[in-house]
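These notes are about the structure you will find just below.
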Amino acid sequence: MKSKALAFRQIEWWTITFIFLLITVVNTLSFSTRNDQFLGEHLTKVLIPIILYVGFYLTHMNLIPYYLKRKNMLALVGFGLLIAFGTGLLTTVLTNADPNISVTLFLRFYFNTLALYAAYLIALLLVRNILMPPKLSDFQLYNGVRLVLIFIFVSVFLIQGTNRIINVTVPIIFSIILPITLVAVIYYYQLIFLNFQLGKKKSARWYLALIISTIFFPLFIISVERNSEAPILVGLGIIAFMLFILFPISRLIFKKYEDYLGKITTLTQEVTQGSANLSFLKSQINPHFLFNALNTLYGSALTENAEKTSDGIQKLGDMMRFMLHENLQDKISIKREIEYLRNYLDIQLLRFGKEPNLELTIQIQEDFCEGEIAPMVLIPFIENAFKHGISTKNKSWIKINLRCLKGSIHLDVVNSLHPKKTTEDPKDESGIGLDNVKKRLELSYPQRHSLTIVENDMEYFVHFSVQLK
């Protein structure tokens, strides 16, 4: 309700459709069996509600939307008067078929209905001008007030039409029975259904006993005071209706609703995971890195033997195969992830291994590194260190410590910090793929990972751990 306005025109249409259908059904069931009265009752108690409903449909669902779209006041007034006159004329003629209804009383009911509808439209205009954003921050209050207005005006319409063409049963059902049923359903969902879903069966049973007691004991007291069994029978009927009809149907609907939400959540996570994986893959196939790596290998081929160069090319090819194939899988072997990490470090050593200002410390303990892990969740932190932690002019250091415990992996990365280059993109300050890897961790390891990043003027420290089981 906070994000947008409800589809009130559809809500109003379904509400009025339900009301007039209820009026028609109740009036039909209340027909007299006397032959001389059947035709008159049929005409007045069935056809008149249908004509009034058609008039409402033409006005509320066609004429007013047309005016709101075209802003043609002449058409609104002209067609509105034509619909009102035609509806009034047809219903007045049919009223003469029932001697039990006074034409004067019916016309009073009809014009009261027109005035009530006009008052409803004016109230909607005021509510829209006062409560609609940007006057308020969201639609919550606006939606609530409009729902209340629908209930009030429909209830007034039913009450003022009682004993004319509306059976007294209809306003009782709409104004009393339906709200009580709605409250009971909300009570069941919030205090019984959700507690059962959360495994709090004791609390759920306690709330169930509470609502049964709230219904039964007042009626029991009334029954004792009046010395009548009727209130107790009514209470038992209400309780039986709730326990064997209302609550089971509500549970089935809520169950279907929860399953529907679960499917939406799963699909959303899959789409988000796919988007994150795609963005992460794009961020890892970094042309700048490949260009530097190939230049390094070319320089090595000129100054060193071919064996070292071929080894570097092989490692680079293995990395590319990993990024293009295994990176698309949900889980891969931890050893394969570490192998990719080692290939990356070996290539970086070709680039910076002889850098005099760089202190590079790498500790990788592969004991207990068993099981599977989401691909490429370790490399972003190390790539970030090489990108921001090396300076050709100032003392630099990168320290990497990777260790496996039973059921978990822990990675610590420390790198020096240096003034950013003027050509560096400010959007990339957090490092390659860090935002994407955070999203992937939330999806793949919710509540099972820890990421701590500490930065000062000299160093950038990352501690990352993930529980695999």
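The values are calculated or read from the model by the stated rules, or taken from the named source; none is laboratory data. The model shown is predicted, which means the values in this text are computed figures rather than measured ones. Counting neighbours? That spans all protein chains shown, and the Cβs are built from the backbone with ideal geometry, glycine included.
How many of the residues making up the range 373-425 are of a type in the set (D, E, K, R) and more than 13 Å from Y460 (Cβ to Cβ)?
So the answer is 7.
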Qualifying residues in the range 163-188 (those that are crowded, with 16+ Cβ neighbours inside 10 Å and of a type outside the set (V, I, T)) - the one farthest from the chain's Cα centre (by Cα): R164
So F247, is it over 21 Å from L178 (Cβ atoms) and among the hydrophobic types (A, V, I, L, M, F, W, C): no
Some residue of the range 91-104 being out of contact with any Leu (no Cβ under 7 Å at 6 or more places or on another chain), modelled with pLDDT of 85 or more and in a loop (DSSP other than H, G, I, E, B): no
Cβ-Cβ under 6 Å pairs, at least 6 apart or on other chains, the range 245-270 side of a type in the set (V, I, T), far side part of a helix (DSSP H, G or I): none
Filter pass, I390 being buried (at least 20 other Cβ atoms within 10 Å of the Cβ) and in a loop (DSSP other than H, G, I, E, B): yes
Matching residues, the range 108-151, being surrounded by 13 or more Cβ atoms within 10 Å (Cβ to Cβ) and of a type in the set (V, I, T): T113, V127, V145, I150
Residue, farthest from the chain's Cα centre (by Cα), within the range 393-405, restricted to residues that are surrounded by fewer than 20 Cβ atoms within 10 Å (Cβ to Cβ) and closer than 10 Å to Q363 by Cα: K399
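Yes or no, residue by residue, for (1) charged (D, E, K, R); (2) in contact with a Phe, Trp or Tyr (Cβ under 8 Å, 6 or more places away or on another chain); (3) touching a residue at least 12 places away in the same chain (Cβ under 8 Å):
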residue	(1), (2), (3)
I50	no, yes, yes
K71	yes, no, no
N100	no, no, yes
A118	no, no, no
L126	no, no, no
Search result, residues across the range 406-421 that are within 40 Å of the chain's Cα centre (by Cα) and in a loop (DSSP other than H, G, I, E, B): K406, G407
First in the range 335-351 and assigned by TED's automatic domain parsing to the domain that holds H410, second anywhere and outside any helix (DSSP H, G or I) and of a type in the set (V, I, T), Cβ under 8 Å, 6 or more apart: E337/I373; E337/V377; I338/I364; L341/I364; R342/I364; L345/I362; L345/I400
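Give the residues of the range 195-235 that are under 39 Å from the mean Cα position of the chain (by Cα) and closer than 24 Å to I177 by Cα, sorted by residue number. Walk me through how you get there before you give the answer.
Let us first name the residues in the range 195-235 that are under 39 Å from the mean Cα position of the chain (by Cα), namely 195-216, 235.
Across the range 195-235, the qualifying residues are Y207, L208, A209, L210, I211, I212, S213, T214, I215, F216, G235.
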Residue within the range 66-87 that is modelled with pLDDT of 90 or more, more than 21 Å from L149 (Cα to Cα), among the polar types (S, T, N, Q) and surrounded by 18 or more Cβ atoms within 10 Å (Cβ to Cβ) present: yes
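Give the residue that is surrounded by the fewest Cβ atoms within 10 Å (Cβ to Cβ), with candidates limited to residues of the range 439-457 that are of a type in the set (A, V, I, L, M) and at pLDDT below 90.
Going through the qualifying residues, I end up with L443.
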So N327, is it at pLDDT below 75, outside the structural domain of L191 (by TED's automatic domain parsing) and out of contact with any Leu (no Cβ under 7 Å at 6 or more places or on another chain): no
Residue satisfying all of: in the range 195-217; out of contact with any helix residue (DSSP H, G or I) (no Cβ under 8 Å at 6 or more places or on another chain) and part of a helix (DSSP H, G or I); nearest to I51 (Cα to Cα) among these: T214
